[in-house]
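This report refers to the structure that appears directly beneath it.
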Amino acid sequence: MKLARVTKKGNRSFYIEFLMMTLVPLIVCGIVMIMVCSNSVRNGMTVEAEEDLKNVALAVRMAFDEAYPGEFKAVAENGGIALYKGETLISDKYDLIDGIEQKSRLEISIFSMDTRMLTTLKDKSGTRLTDISMETRVASDRIVQDVYHDHKSMFYDNVSIDGVEYYAYYEPVMSDDGSTCLGMIGVAKPATELKSRINSSVNRNIIVMLLAILITSFFILRFANSLVTVVKHMLDFMKNLADNKLDSKLNPSVVQREDELGEMGRNLNSLQIALRRLIERDVLTGLFNRRSAEKKIDAIEDSGVRYCVAIGDIDHFKKFNDTFGHECGDVVLREVAHLLNDGMNKREGFVARWGGEEFLLVFVNAGIDEAYDGLMLIRQALHDKEVEYDGHIHKVTMTFGAAEKTDGVAINHLIRAADDKLYEGKQGGRDRVII
């Protein structure tokens, strides 16, 4: 995905800050969730294994109690130790524990004190551990202490038997009166099998969590890129405004949004209009000011079309200010500006306040005769106009001088020619159009 470039704030971009506020917490949260879930899975499966081992150990005890009534006891005979249950010799009775092992798939051992007397555990050659050596028959010191001496049922997740790691549960076998520990019942499960299941479940959870993080990150990146692109459009637009490029356009995708960014974009457009009006327009009359008029004439000149310019001046304007005050003069200026603007709206061109009571009119795609006709219509509209101020009706007239653009004539010379025609009209009695 191509990411938008953004203006930087200090040494860090807005895009990076946004990602720091979204992706980083997501990743941290994801890592924590993975650790917590993995630990929960591991603990849950370990507890489940403990319960399974415990239940089988109890089932073994119940099966032997039911099959052979009486207590477990070890008896020295024939130079060795024999295990009895009640009056029955069980040292060689493997049918019961082998049957339980086949159903539960768990290894079972029965101890007399600390010595393994019966077991389903076998070495690689298939020999039971009770038939190999005393080392494989005796439980570890830790198990003997916890279970045999302290009479506690214990679960271990790291028991080593004949070099193999097991999860194991040991249950003490107590005498009928509960005062003496006669031995132990041990149930074990190879650690590799359970750890493989745990790792498989943990890995599956990690993959699911990582996929969720990746998918969420993808949508966050898309949203961030979209958001930053909108911000970039607004930054570029504001930069253009700051560089006085007031004709620049804000990307339409911004103002089309229905959220706060869209509202900001619409406010920027309103700001642009206000700035253009403030910079390009005369405050009193609302017409283009002299600076804007000069730029518009330059643009017309560059286009190569023919045009005419006219300078209009309000006749005897000073009397309005001197006799009735400057507020009256302002009213007259506004009314005249409105009338001139209406007159120019009917044709191609524009009108601007040139300075004081002078106005510039530009007729585009028009010759001097067309300009003359237009100015005469405006002059007649002024004759028909009555300006009211403070209960008095004032009649306003204007004198116009116009000139047509010809090849080789500079703009300032063209305007000066129109101004000379205006002066001629003033000297000739005012209220007239001179071309």
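The values are calculated or read from the model by the stated rules, or taken from the named source; none is laboratory data. Being a predicted model, the structure only gives us computed values, none of them experimental. Cβ atoms come from the backbone with ideal geometry, glycine included; neighbour counts cover every protein chain shown.
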Taking Gly44 as meeting all but one of (1) without any contact (Cβ under 8 Å) to a residue 24 or more places away in the chain; (2) over 27 Å from Tyr166 (Cβ atoms); (3) surrounded by fewer than 14 Cβ atoms within 10 Å (Cβ to Cβ), write down the number of the exception.
(2)
Find all pairs meeting these conditions: Cβ atoms under 6 angstrom apart; at least six residues apart or on different chains; first residue within region 288-300 and polar (S, T, N, Q); second residue part of a helix (DSSP H, G or I) and surrounded by 12 or more Cβ atoms within 10 Å (Cβ to Cβ).
Ser292/Glu280
Which residue pairs have Cβ atoms closer than 6 Å, lie 6 or more positions apart in sequence or on different chains, and pair a first residue in region 176-198 that is closer than 25 Å to Val138 by Cβ with a second residue that is of a type in the set (Val, Ile, Thr) and in a helix (DSSP H, G or I)?
Met184/Val147; Ile185/Val60; Val187/Val56
Has region 272-280 got at least one residue that is within 30 Å of Gln380 (Cβ to Cβ) and of a type in the set (A, V, I, L, M)?
no
What pairs come out if I take residues in region 337-353 that are in the same structural domain as Ala293 (by TED's automatic domain parsing) and at positive phi and pair them with residues that are of a type outside the set (Lys, Arg) and modelled with pLDDT of 95 or more whose C-beta lies under 6 Å away, six or more apart or interchain?
Gly349/Val362; Gly349/Phe363; Gly349/Val364
Which members of region 278-293 meet the condition of being within 18 Å of Asn345 (Cα to Cα) and surrounded by fewer than 15 Cβ atoms within 10 Å (Cβ to Cβ)?
Gly286
Of the residues in region 323-336 that are touching a strand residue (DSSP E or B) at 6+ places or on another chain (Cβ under 7 Å) and touching a residue at least 60 places away in the same chain (Cβ under 8 Å), the one that is farthest from Phe363 (Cα to Cα) is Phe324
Scan region 403-424 and give yes if some residue there is touching a helix residue (DSSP H, G or I) at 6+ places or on another chain (Cβ under 6 Å), buried (at least 17 other Cβ atoms within 10 Å of the Cβ), hydrophobic (A, V, I, L, M, F, W, C) and under 16 Å from Leu339 (Cβ atoms), otherwise no.
no
Among all residue pairs at least 6 apart or on different chains, which show Cβ distances below 8 Å where the first residue, located in region 133-149, is touching a residue at least 40 places away in the same chain (Cβ under 8 Å) and buried (at least 18 other Cβ atoms within 10 Å of the Cβ) and the second is basic (Lys, Arg) and not in a helix (DSSP H, G or I)?
Ala139/Arg116
Please determine, by comparing only the residues of region 355-396 that are modelled with pLDDT under 95, assigned to a strand (DSSP E or B) and aliphatic (A, V, I, L, M), which one is nearest to the chain's Cα centre (by Cα).
Val387
Exactly one condition in (1) farther than 30 Å from Met35 by Cβ; (2) modelled with pLDDT under 90; (3) under 58 Å from the mean Cα position of the chain (by Cα) is false for Met134; which is it?
(3)
Criterion (part of a helix (DSSP H, G or I), surrounded by 12 or more Cβ atoms within 10 Å (Cβ to Cβ) and of a type in the set (Asp, Glu)) met by exactly one of Asp330, Asp313
Asp330
What's the number of the only condition in (1) of a type in the set (A, V, I, L, M); (2) without any contact (Cβ under 8 Å) to a residue 60 or more places away in the chain; (3) farther than 19 Å from Gly286 by Cβ that Ile311 fails to meet?
(2)
Regarding region 386-393, can at least one residue be identified that is under 19 Å from Leu333 (Cα atoms) and in contact with a Lys or Arg (Cβ under 9 Å, 6 or more places away or on another chain)?
yes
Taking Ala352 as the residue in question, decide whether it is assigned to a strand (DSSP E or B) and closer than 18 Å to Val305 by Cα.
no
Report every pair of residues separated by at least 6 positions or lying on different chains whose Cβ atoms are under 8 Å apart, first residue within region 229-241 and more than 15 Å from Arg257 (Cα to Cα), second among the small types (Gly, Ala, Ser) and surrounded by fewer than 19 Cβ atoms within 10 Å (Cβ to Cβ).
Phe237/Ser248; Asn240/Ser248; Leu241/Ser248
I'd like to verify a number: residues in region 78-132 that are surrounded by 13 or more Cβ atoms within 10 Å (Cβ to Cβ), in a loop (DSSP other than H, G, I, E, B) and of a type outside the set (S, T, N, Q), how many?
10
Need at least 2 residues that are among the aromatic types (Phe, Trp, Tyr) per element, so show me which strands (runs of 3 or more DSSP E) inside region 133-217 make the cut, counting only ones lying wholly within it.
154-161, 164-174
Quick one: would you say Phe320 is part of a strand (DSSP E or B) and either in contact (Cβ under 8 Å) with a residue 24 or more places away in the chain or touching a helix residue (DSSP H, G or I) at 6+ places or on another chain (Cβ under 7 Å) (or both)?
no
